[in-house]
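Comments concern the structure below.
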Amino acid sequence: MERRIKELVYLTSSYANKCAYCTAAHVASGKKAGITEDEMRALQSEQNQGFSEPEQAAIRYARELTRTAAAAETREALFAHFNNEQVVELTLVAAMANFTNRLNNGLGVMPEESA
């Protein structure tokens with residue numbers, strides 16, 4: 001699975017959950033994976049049209065999984081672009097993002113201010 005797509009999934013979940021800590025961490029790693037500032041703003045505003053079809057499918061799935069914990073509407077579209085193992089990997093990335101987002105949000109963990 002491409003690192004870029006995994007970062008898109010993680011950021012999508014973090015933006016949906018409004019997790020400041022995870023968003024800050026994954027903006028940096030997302031940039032290293034080739035995600036631009038414009039693409040990050042697009043993720044935040046749920047404007048998916050600038051992404052490739054596989055990326056859009058992963059983004060929609062991550063957003064729905066984050067909001068519903070089921071993703072019944074978007075799951076099947078993943079299989080047009082990803083094999084079973086890749087779908088499992090994407091699901092695990094979104095699940096870990098949601099777990100970490102909820103942990104940090106629940107505890108009120110905020111990103112450190114850079115000096």
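Laid out as a table, the results:
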| item | result |
| --- | --- |
| Hits in the stretch 37-49 - residues which are over 11 Å from the mean Cα position of the chain (by Cα) and open to solvent by 70 Å² or more (accessible area, probe 1.4 Å) | Glu37, Asp38, Arg41, Glu46, Gln47, Gln49 |
| Condition check for Tyr15: in contact with a Leu (Cβ under 6 Å, 6 or more places away or on another chain) and modelled with pLDDT of 95 or more | yes |
| The stretch 17-33: number of residues that are more than 15 Å from Ile5 (Cα to Cα) and either among the basic types (Lys, Arg) or open to solvent by less than 30 Å² (accessible area, probe 1.4 Å) (or both) | 4 |
| Positions within the stretch 6-65 being in contact with a Gly (Cβ under 6 Å, 6 or more places away or on another chain) and within 16 Å of Val93 (Cα to Cα), in sequence order | Glu7, Leu11 |
| Qualifying residue in the stretch 92-105 (condition: modelled with pLDDT under 95 and either in contact with a strand residue (DSSP E or B) (Cβ under 6 Å, 6 or more places away or on another chain) or surrounded by 14 or more Cβ atoms within 10 Å (Cβ to Cβ) (or both)) | no |
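The values are calculated or read from the model by the stated rules, or taken from the named source; none is laboratory data. This one's a predicted model, so the numbers in the text were calculated from it and none came from an experiment. Cβ atoms come from the backbone with ideal geometry, glycine included; neighbour counts cover every protein chain shown. Calculation scope for accessible area: heavy atoms of the full protein, side chains included, ligands and nucleic acids excluded. Shrake-Rupley method; radii C 1.70, N 1.55, O 1.52, S 1.80 Å.
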